[in-house]
1. Considering segment 63-83 alone, what residues qualify as being in a loop (DSSP other than H, G, I, E, B) and either buried (at least 16 other Cβ atoms within 10 Å of the Cβ) or at negative phi (or both)?
2. What is the number of the single condition among (1) more than 29 Å from the chain's Cα centre (by Cα); (2) hydrophobic (A, V, I, L, M, F, W, C); (3) at pLDDT 65 or above that L15 does not meet?
3. I'm trying to understand the selection: among the residues of segment 44-60, which are surrounded by 19 or more Cβ atoms within 10 Å (Cβ to Cβ) and either in contact (Cβ under 8 Å) with a residue 60 or more places away in the chain or under 9 Å from the mean Cα position of the chain (by Cα) (or both)?
4. Given the condition under 24 Å from A130 (Cα atoms), part of a helix (DSSP H, G or I), of a type in the set (G, A, S) and modelled with pLDDT of 75 or more, answer yes or no: does some residue in segment 55-62 qualify?
Amino acid sequence: MSNGARIMRPAVFILITAVIAGTAGYFLGHCQAEREGEALALAHALEKTSLCANALNTLDNVNGTTTARLLDHQLRSALAEVERYSASAPRIHTMIPNLLDALRRAAKYAERIRDRQLAQRISEIEKTLAASLRHQRQ
């Protein structure tokens, strides 16, 4: 084996190692950024759920008013987002008890309007989210 081949072998190995490490680092960084985006989306959806549920619970008449219909639609939309992200339950680095309380408020609204399907849906979301959060703490 010539001197040129002996010098090239470690250089090629170092180059390949650097490319593999760089590619792995890129994908790990991308995955972390994606998880942070999911955590932000989940926190936002829980916050929206809380705001809508609070407003609906303070309205005297929730039947038939335009405001109630709009808030109800936004609440259900927010719950769909919570449902979407709760299965993977990304880490939320904010006040989780306040955000999770949004589901209790939404359940109170569902009971108030006697919507059993909505109440069941909220209960399922609570269970899924609680299980995912328990799994994270372990």
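The values are calculated or read from the model by the stated rules, or taken from the named source; none is laboratory data. Just so we're clear, the structure is a prediction, and the values are computed from it rather than from any experiment. Note that each Cβ is placed from the backbone with ideal geometry, even for glycine, and that neighbours are counted across all protein chains shown.
1. Looking only at segment 63-83, we keep the residues that are in a loop (DSSP other than H, G, I, E, B), and these are 63-65.
If the condition is that a residue be in a loop (DSSP other than H, G, I, E, B) and either buried (at least 16 other Cβ atoms within 10 Å of the Cβ) or at negative phi (or both), then N63, T65 are the ones that fit.
2. Against the list (1) more than 29 Å from the chain's Cα centre (by Cα); (2) hydrophobic (A, V, I, L, M, F, W, C); (3) at pLDDT 65 or above, L15 comes up short only on (3).
3. Once the filter is applied, which keeps residues that are surrounded by 19 or more Cβ atoms within 10 Å (Cβ to Cβ) and either in contact (Cβ under 8 Å) with a residue 60 or more places away in the chain or under 9 Å from the mean Cα position of the chain (by Cα) (or both), segment 44-60 yields A45, L46.
4. So far as segment 55-62 goes, no, none of its residues is under 24 Å from A130 (Cα atoms), part of a helix (DSSP H, G or I), of a type in the set (G, A, S) and modelled with pLDDT of 75 or more.
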